[in-house]
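Working notes, beginning with the structure itself.
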Amino acid sequence: MLTIPVGKRDHIIGPEHAAITLVEYGDFQCPYCREAYPIVKQLRDQLGARLRFAFRNFPLTRIHPQAEHAAEAAESAAAQGAFWPMHDRLFERQFALEDENLVEYATELGLDADRLAGELAAGTHRDRVRDDFMSGVKSGVNGTPTFFINGQRHDGGYELASLLAAMEVKAP
């Protein structure tokens, strides 16, 4: 069960009153999240206005040492109005997540790269990432990607057919 409902603090694509809300707890350095990334895009394309998608940070720092700063970079981009472009860039270039890469991505996306670099150095968005992580822990998340469909944890696979079938069952 999703303990903290989707709300204004979340990064959301899709209409507020969509029939299906999909929440992903993800880690930008996780290879399984990278595999899920194009599947979620397909879901969004197929379901259109029936789907609202929210992404929450769940960096597994013990096994993915660059995941924390990648999440903070996404939050820094969000503060500049560009969470989703940075989200996409981080998954598309998961092979390069060093701080200098993150700053480079900010430049490529037309963001204030110096601001992003300064915010990474200062840990400006660390608490926001930690809040996401702790909301996941409270909801029983222990790995990534973990999906919730209309507030219920999806324990099946994250292949397109599996997620679509689960959504059809849980959609009103």
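The values are calculated or read from the model by the stated rules, or taken from the named source; none is laboratory data. Please read all numbers here as calculations on a predicted model, not as lab measurements. Ideal geometry is used to build each Cβ from the backbone, glycine not excepted, and the neighbour counts take in all protein chains shown. Side chains are part of the model used for accessible areas, which takes the heavy atoms of the whole protein and leaves out ligands, DNA and RNA. Shrake-Rupley method; radii C 1.70, N 1.55, O 1.52, S 1.80 Å.
Excluding ligands, DNA and RNA, what is the solvent-accessible area per residue of the chain at a probe of 1.4 Å, expressed in Å²? Each step should come with its number before you reach the end.
On the way: 7950 Å² over 172 residues.
Result: 46 Å² of accessible area for each residue.
For the chain, which longest stretch is free of loop sites, where a loop site is one of the trypsin sites (Lys or Arg not before Pro) that DSSP puts outside H, G, I, E and B and that has at most 11 other Cβ atoms within 10 Å? Intermediate results must be reported in sequence, preceding the final value.
Working: sites that count: LYS8, ARG62.
Value returned for the longest uninterrupted segment is 63-172.
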(message) Quick check: residue separation of LEU164 and ASP112 times 0.36 nm, minus the Cα distance between them. What number comes out in nm?
(response) 14.9 nm
(request) Evaluate the relative contact order of the chain (contact order divided by residue number), counting alpha-carbon pairs under 8 angstrom at least 6 apart; express in whole percent. (result) 34
(request) With percent of Cα pairs over 26 Å apart in mind, check (i) 51; (ii) 24; (iii) 37 and report the label derived from this structure. (result) (ii)
(message) Please list ASP27, ASP112 from largest to smallest accessible area, probe radius 1.4 Å, with all protein chains kept in place.
(response) ASP112, ASP27
(request) Give the carbon-plus-sulfur fraction of the accessible surface of the chain in %, rounded to a whole number; probe 1.4 Å, heavy atoms of protein chains only. (result) 52
(request) Considering the options ASN101, ALA54, VAL6, tell which one lies farthest towards the positive end of the dipole of the chain, charges being +1 on Lys and Arg and -1 on Asp and Glu at the Cβ, about the Cα centre. (result) VAL6
(message) Show me the GluC sites (Glu not before Pro) within segment 93-143 that DSSP assigns to loop and that have at most 13 other Cβ atoms within 10 Å of their Cβ.
(response) GLU98
(message) Roughly how far apart, in whole Å, are the Cα centres of segment 1-61 and segment 121-138?
(response) 17
(message) To make sure I understand the rule: partners must be lysines, Cα under 25 Å from the Cα of LYS41, and not fewer than 8 residues away in the same chain. Which ones qualify?
(response) LYS8, LYS170
